[in-house]
Amino acid sequence: MALDDLASIRPPTAAARDLQQRAHRAIPGGAHTYAKGDDQFPRNAPPLLVRGEGARVWDSDGNEFVEYGGGLRAIVLGHGHPHVVEAVQKAIVDGTNFARPSVLEVEAAEDLLAFLDRPDWMVKFTKNGSDANSSALRLARAATGRELVAVCRDQPFFSVEDWFIGTTPMDAGIPAAVRDLTVAFPYDDLDALRVLLADRTVAAVVMEAAKYDDPSPGWFEGVRRLCDETGTVFVLDEMITGVRWPGRTAMGHYGIQPDLATYGKALGNGFSVSAVTGRRELMELGGLHHDRPRVFLASYTHGAESTGLAACRAVTAVGMETDIGAGIAARGEALEARLNAVSRACGVDEHFFAWGPGQVLVFVTRDADGAPSQVLRALAMQELVAGGVLGTSLVMSLAHGESEFDQTVAAWERAAAVYARALEDGTAGLLRGHPTSPVWRRYN
């Protein structure tokens, strides 16, 4: 799309709205993922998309957008990446699911362990990150004989299962007995974690390596030491950091030594494949070669379905040849500088700005008093959509290049100018539709 065509993006047509209503009649919330719901986007956002290519997507009206945060951060190489497509097409022709393990399962497992640089570990594939994390916790509880799970309270999501959702405002339908088995600790606070683990009743510490800012020096080493001292299993959730972080993984980037680590999202570049990996002596409890009580580690009809495994092999092959995360980080840092220069020129740089590591770049919207604002977030997104830029973040893939960034900067300039007006006079007459809303809320 040429920059001169930015004004061509119009609100969804009646036909698109009809598709939207059909979605809500058939699907609770109109989407199968809360983060893709209508309450997360401005009213002029495309209700439904029909295809993607590289860093761009098209809606049912034929409008073209630069897309950020594709597949909830799963798209790391770009839509329709040729290596991934070729691998998946070949796998489909050879069959997708069998009565016995396939050679592809062995090859994908070996490839992933080589990519992680953990040749002595083991891996079990699942179809989503929730299953991988829940499998890791089941394993930790069996290994330790304990029931409590400690999760990092400053990180937003670990699983759709009751053990985690019970810690959120959306805990309706989850028994109190289940909610009471999960406790929380703050990120980057060794003293708090030390107190939590002191009574030796916690089976596992579950955390992401980082959300945006790096922790204090010694944090990861301290977590490892505390887990060793108390016999607690250290589970590292790499759903976001895996593949997307420089150095292939957070384990590699920060030198973390967990007992178990889980992967998904970018692992298949949008195809459904996740994995729980870890030390052999733990993982083998879910196997056949031990004399302890058997652990139902993970067993899914589609756990080793071939398209996901083929996609995983393709992604890890690319990742062995090039540092995917470093490439994305460099792109993100360059875009961050350009966008924030525009915000400064418009006088809104303390209220509307790009922020975070380049590999997971986001944008921040604050009101005149400096408080986070969902109303201004909706307004900014509305103007970005009008400029052909779609996304609740600025998280990108290797497919994003100069043409996408030029269009994003132009749309950002438009949004920043409107934002400046809103800070002076309010959003009345500027915002068309509703504010966006946090996913984690008790009532609609």
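The values are calculated or read from the model by the stated rules, or taken from the named source; none is laboratory data. Computed from a predicted structure; not experimentally measured. When we count neighbours, we look across all protein chains shown, and the Cβ atoms used for this are built from the backbone with ideal geometry, even at glycine. Note: areas computed on protein heavy atoms with side chains; ligands, DNA, RNA excluded. Shrake-Rupley method; radii C 1.70, N 1.55, O 1.52, S 1.80 Å.
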Qualifying residues in region 41-66 (those that are open to solvent by less than 30 Å² (accessible area, probe 1.4 Å) and under 22 Å from GLN359 (Cβ atoms)) - the one farthest from the chain's Cα centre (by Cα): PHE65
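Results for (1) modelled with pLDDT of 95 or more; (2) surrounded by 18 or more Cβ atoms within 10 Å (Cβ to Cβ), shown as yes or no for each residue.
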position	(1), (2)
ALA354	yes, yes
GLY358	yes, yes
LEU394	yes, yes
ALA420	yes, no
ARG432	no, no
Residues of region 235-273 that turn out to be farther than 18 Å from ARG224 by Cβ and assigned to a strand (DSSP E or B), as a count: 1
Residue within region 179-191 that is touching a residue at least 40 places away in the same chain (Cβ under 8 Å) and either open to solvent by less than 20 Å² (accessible area, probe 1.4 Å) or under 20 Å from ILE256 (Cβ atoms) (or both) present: no
Which listed residue, of ALA416, ALA420, ALA341, ALA334, is without any contact (Cβ under 8 Å) to a residue 12 or more places away in the chain and farther than 18 Å from GLY54 by Cα: ALA341
Search result, residues across region 129-178 that are surrounded by 15 or more Cβ atoms within 10 Å (Cβ to Cβ), in a loop (DSSP other than H, G, I, E, B) and at pLDDT 95 or above: ARG146
Of all residues in region 142-184 being more than 23 Å from THR33 (Cα to Cα) and charged (D, E, K, R), the one that is farthest from the chain's Cα centre (by Cα): ARG146
Complete set of residues in region 210-234 that are more than 14 Å from the chain's Cα centre (by Cα) and assigned to a loop (DSSP other than H, G, I, E, B): ASP213, ASP214, PRO215, SER216, PRO217, GLY218, GLY231, THR232
Among (1) open to solvent by less than 10 Å² (accessible area, probe 1.4 Å); (2) closer than 25 Å to ALA330 by Cα - the single one LEU260 does not satisfy: (2)
Any hit, region 230-248, residues being open to solvent by 10 Å² or more (accessible area, probe 1.4 Å), on the phi > 0 side of the Ramachandran plot, in contact with a His (Cβ under 9 Å, 6 or more places away or on another chain) and not hydrophobic (A, V, I, L, M, F, W, C): yes
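Could you please find all residues in region 338-352 being open to solvent by 10 Å² or more (accessible area, probe 1.4 Å) and more than 20 Å from GLU402 (Cα to Cα)?
Going through region 338-352, the residues open to solvent by 10 Å² or more (accessible area, probe 1.4 Å) turn out to be 338, 340-342, 344-347, 349-351.
Within region 338-352, ARG344, ALA345, CYS346, GLY347, ASP349, GLU350, HIS351 meet the criteria.
Of all residues being touching a strand residue (DSSP E or B) at 6+ places or on another chain (Cβ under 7 Å) and not in a strand (DSSP E or B) in region 274-283, which is surrounded by the fewest Cβ atoms within 10 Å (Cβ to Cβ)? Just the residue, please.
Keep residues of region 274-283 that are touching a strand residue (DSSP E or B) at 6+ places or on another chain (Cβ under 7 Å), which gives 274-280, 282-283.
Now drop any that are not not in a strand (DSSP E or B), which leaves 280, 282-283.
On the way: ARG280: 11, LEU282: 20, MET283: 22.
By that ranking, first place goes to ARG280.
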Where VAL385 falls short, out of the listed (1) closer than 24 Å to PRO357 by Cα; (2) open to solvent by 10 Å² or more (accessible area, probe 1.4 Å): (2)
Tally of residues being at pLDDT 95 or above, part of a loop (DSSP other than H, G, I, E, B) and under 20 Å from GLY270 (Cβ atoms) across region 107-128: 0
So ALA378, is it more than 25 Å from ASP214 (Cα to Cα), in contact with a His (Cβ under 9 Å, 6 or more places away or on another chain), touching a residue at least 24 places away in the same chain (Cβ under 8 Å) and buried (at least 23 other Cβ atoms within 10 Å of the Cβ): yes
Residue within region 326-337 that is among the aliphatic types (A, V, I, L, M), open to solvent by 40 Å² or more (accessible area, probe 1.4 Å) and over 26 Å from the mean Cα position of the chain (by Cα) present: no
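For region 192-223, give me each residue that is of a type in the set (Val, Ile, Thr) and open to solvent by less than 30 Å² (accessible area, probe 1.4 Å). Steps first, answer last, please.
Our first condition is that a residue be of a type in the set (Val, Ile, Thr); within region 192-223, this holds for 195, 201-202, 205-206, 223.
Within region 192-223, VAL202, VAL205, VAL206, VAL223 meet the criteria.
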Subset of region 284-298 [in a loop (DSSP other than H, G, I, E, B), touching a helix residue (DSSP H, G or I) at 6+ places or on another chain (Cβ under 9 Å) and not basic (Lys, Arg)]: HIS290, PRO293, VAL295, PHE296, LEU297, ALA298
Given (1) within 17 Å of GLY69 (Cα to Cα); (2) open to solvent by 50 Å² or more (accessible area, probe 1.4 Å); (3) aliphatic (A, V, I, L, M), index of the condition ALA368 fails: (1)
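Any chance you could count how many residues in region 15-40 are polar (S, T, N, Q) and either closer than 22 Å to GLN407 by Cβ or surrounded by 13 or more Cβ atoms within 10 Å (Cβ to Cβ) (or both)?
Matching residues across region 15-40 total 2.
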